[in-house]
Each structure stands twice: as C-alpha cells, then as structure tokens.
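Trainee: Dropping a structure here in structure tokens format, bear with me for questions.
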Amino acid sequence: LRAAQQRGRFVRGALRGALAGLAALHAVGLLHQGLSPAAVLVSSEDDRVGEKVSSSLQELGYARDAPSLYPAFYVNTEGSALSAVGEAVESGDRGGAVEADPLDLGLAERALRRTTRPGDPEERARYGRADDMREFGLLLLTCFLLSSAQPDAGFDALRLRTLTDGPFAASDDDGMKTDGVDVAALRSFLADEEALRIGGVGGVEMLDAGGARLGGEFVTQSSGWGLLSRLLAPAWEDRPDAAEALSHPFWTAAMSPEPPPARDAAPPEKGDDREQRIAALEEELRRLAERKGEEG
C-alpha cells in the first residue's frame, strides 16, 4: 500500500503541474490541442514525495490562438475547406446552420449545435479551452490507470480511448452521442479489471482519493472521479476552466488507496449454520471417545 501511495502522489503531482501549465496557456489566449502523456515533461527531487515533483508542458506544435480556432464542424472531413455549416455561419446564415442534420455532423459539431453565437471568435475560444480540458481529463484517467496496471494486462491507452469514445461515451438530453464520458459507468466497469491493480491497488482506488462513504454509498464529488465527471461532461459548456479545475479538492486530498472490498460470499444454503455444524462435530467426537473407552 505504501508503494501505491507513493505512485499515486507522484502521478498526481506531475498532472497538477501540467494543469497549471495549461492554465497559463489559456490565460494568454492560447490552446494546447495536443495533450497526451508525451506532452508532460516530469522532473523530481524525490519520486517518493509528490510535492517534490515538477512538470511542464511540451509538444506545443499544435498550440494556437484561441479566438481563431475553427470548431471541427466548420471544416470538411479533409480539413481543407469550410463545411456547409461553416459557410452558412460565416456568411451570417444562422438558419442554414441550425437546419443542418445532426446525424451528418461530427461529435464536435453536435456539441456546438446549440451554441448561441457559433460565429463569434470568443465562443470558438471557449469551445477550444473546453476541448483542452476534455483532453486533460482523458490524460488524467490514462496516467492513473496505466501507471498501476500489470505489465501483461493488455490494457493500453488505445484500449482506454476505445472505451471512452465507444460504449461509455455519454449522450445529451436528446439522446445524441457526445464527446463526453459516462464516468460513473466507466468506473464501475474498470473496478472489475484486476489487471489494472498491482498489489491489490490500482488507478481506480487512487482516483477515489477525496471521496467519502455516507450511509454505505461512495460519494465521488470531491474525488478524482468527481473531477473527471466535470472534465468529461457531455456538454462542453459545463466543463471547468483550468484555473477552476486546479482548485478541486482531489489535488490536496489524502492519497490513501485501499484494496477494494471482497465480494460478498454467496448466502448459505438453508440450514447451513456454522455453530450448529461445530456442535454436531463435537458431539460426534464425544461419541467416538466414549466408544473407544468402552472398547478399551
């Protein structure tokens, strides 16, 4: 458990530094647009102490000015020209944009189809920052899970991304698939993956830090899972900005992961009482002793 605590503090310290770097980028009007484990440069005076871990962002080749960002649905599939929706919005034809068939749109376009000002540069900037926050959420999930996975688990970043973009992708109020994630369902699924644990503890338990049990139910709002629920919210407008995410209780919560509770044993069959069986065994031993004495 001590090794798990040290590992959790190290990963959390590195990611908190990366989030601070993202907040600094956003504060000057830039987007990263390329967050991944390779984008986080980590150094440490002592790997056992999370507070002594420092990190910075690299891989800034995709960084760009936030207001100039075109949402994905503004361009065609090849990215070489404006899509029909993009042309309609840029020409001021708001009606043309609204009437676009959502089924023909990508996830980003569906996420923005109710935007009040789709042609506004500031609205594009807000969406770009929210997209960075989503990618940071996926980075957070990936680093915690894979850092504690067994070497032969067969569970990598690609498989995790397949889950978040596939069966655990969240839907909006209209039942349309979004680029958000159903975090509660994903946690329940991952909790059954023993290959994601070393020594009985894995990323699922580390992300529980900050949570609490009330009345037998685990409450996740203040835990890493609670933070992920916000970062990966179905509606991009509901995602916190980097500065707000930095103030989440998870970053300062005690990192004391514990193995998951053992599964409840099957209920005993009718009449299968431990004390009765012990009493019956003692009675049988007494009879055998008496019989042996009589034979002697």
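Trainee: State all residues of the range 166-199 that are over 22 Å from Leu146 (Cα atoms), of a type outside the set (Lys, Arg) and out of contact with any Lys or Arg (no Cβ under 6 Å at 6 or more places or on another chain); if no residue qualifies, say none. Quick ask: steps written out before the conclusion?
Mentor: Filtering the range 166-199 for residues over 22 Å from Leu146 (Cα atoms) gives 170-178.
Filter once more, keeping what is of a type outside the set (Lys, Arg): 170-176, 178.
Answer for the range 166-199, where residues must be over 22 Å from Leu146 (Cα atoms), of a type outside the set (Lys, Arg) and out of contact with any Lys or Arg (no Cβ under 6 Å at 6 or more places or on another chain): Ala170, Asp172, Asp173, Asp174, Gly175, Thr178.
Trainee: Report those helices (runs of 4 or more DSSP H) wholly inside the range 1-112 carrying at least 3 residues which are open to solvent by 40 Å² or more (accessible area, probe 1.4 Å) and modelled with pLDDT under 85.
Mentor: Output list reads 2-27, 84-90.
Trainee: So, in the range 157-169, how many residues would count as being in a helix (DSSP H, G or I) and open to solvent by 30 Å² or more (accessible area, probe 1.4 Å)? Reasoning before the result, please.
Mentor: Initially, the range 157-169 is screened for residues in a helix (DSSP H, G or I), giving 157-165.
Narrowing further to those that are open to solvent by 30 Å² or more (accessible area, probe 1.4 Å): 157-159, 161-162, 165.
Counting residues in the range 157-169 that are in a helix (DSSP H, G or I) and open to solvent by 30 Å² or more (accessible area, probe 1.4 Å) gives 6.
Trainee: Looking at the range 249-271, which of its residues are of a type outside the set (Gly, Ala, Ser), open to solvent by less than 70 Å² (accessible area, probe 1.4 Å) and either under 18 Å from Leu139 (Cα atoms) or at pLDDT below 90 (or both)? Walk me through how you get there before you give the answer.
Mentor: Let us first name the residues in the range 249-271 that are of a type outside the set (Gly, Ala, Ser), namely 249-252, 255, 257-261, 263-264, 267-270.
Now narrow it down to the ones that are open to solvent by less than 70 Å² (accessible area, probe 1.4 Å): 249-251, 255, 257, 259-260.
Answer for the range 249-271, where residues must be of a type outside the set (Gly, Ala, Ser), open to solvent by less than 70 Å² (accessible area, probe 1.4 Å) and either under 18 Å from Leu139 (Cα atoms) or at pLDDT below 90 (or both): Phe250, Trp251, Met255, Pro257, Pro259, Pro260.
Trainee: Of the conditions (1) modelled with pLDDT under 85; (2) outside any loop (DSSP other than H, G, I, E, B), Ala153 fails just one. Which one is it?
Mentor: With respect to (1) modelled with pLDDT under 85; (2) outside any loop (DSSP other than H, G, I, E, B), Ala153 is out only on (2).
Trainee: Still on this model: On the given criteria, is Gly154 surrounded by fewer than 17 Cβ atoms within 10 Å (Cβ to Cβ) and in contact (Cβ under 8 Å) with a residue 24 or more places away in the chain?
Mentor: Working: surrounded by fewer than 17 Cβ atoms within 10 Å (Cβ to Cβ): yes; in contact (Cβ under 8 Å) with a residue 24 or more places away in the chain: yes.
Yes, satisfied.
Trainee: Give the residues of the range 170-193 that are closer than 24 Å to Ala209 by Cα, open to solvent by 20 Å² or more (accessible area, probe 1.4 Å) and either touching a strand residue (DSSP E or B) at 6+ places or on another chain (Cβ under 7 Å) or outside any helix (DSSP H, G or I) (or both), sorted by residue number.
Mentor: Asp182, Ala191, Asp192, Glu193
Trainee: Could you list, in sequence order, the residues of the range 139-150 that are part of a helix (DSSP H, G or I) and open to solvent by less than 10 Å² (accessible area, probe 1.4 Å)?
Mentor: Let us first name the residues in the range 139-150 that are part of a helix (DSSP H, G or I), namely 139-146.
If the condition is that a residue be part of a helix (DSSP H, G or I) and open to solvent by less than 10 Å² (accessible area, probe 1.4 Å), then Leu139, Leu140, Leu141, Phe144, Leu145 are the ones that fit.
Trainee: Okay, next question. Only residues in the range 229-248 that are open to solvent by 10 Å² or more (accessible area, probe 1.4 Å) count as the first member; pair them with residues that are β-branched (Val, Ile, Thr) and assigned to a helix (DSSP H, G or I), Cβ under 8 angstrom, at least 6 apart or cross-chain, and list the lot.
Mentor: As it stands, the answer is Ser229/Val183, since those pairs meet every condition given.
The values are calculated or read from the model by the stated rules, or taken from the named source; none is laboratory data. Quantities reported herein were computed from a predicted structural model and do not represent experimental measurements. A quick note on method: Cβ atoms are made from the backbone with ideal geometry, for glycine too, and the neighbour counts reach across all protein chains shown. Surface accessibility is based on the protein's heavy atoms, side chains included, excluding ligands, DNA and RNA. Shrake-Rupley method; radii C 1.70, N 1.55, O 1.52, S 1.80 Å.
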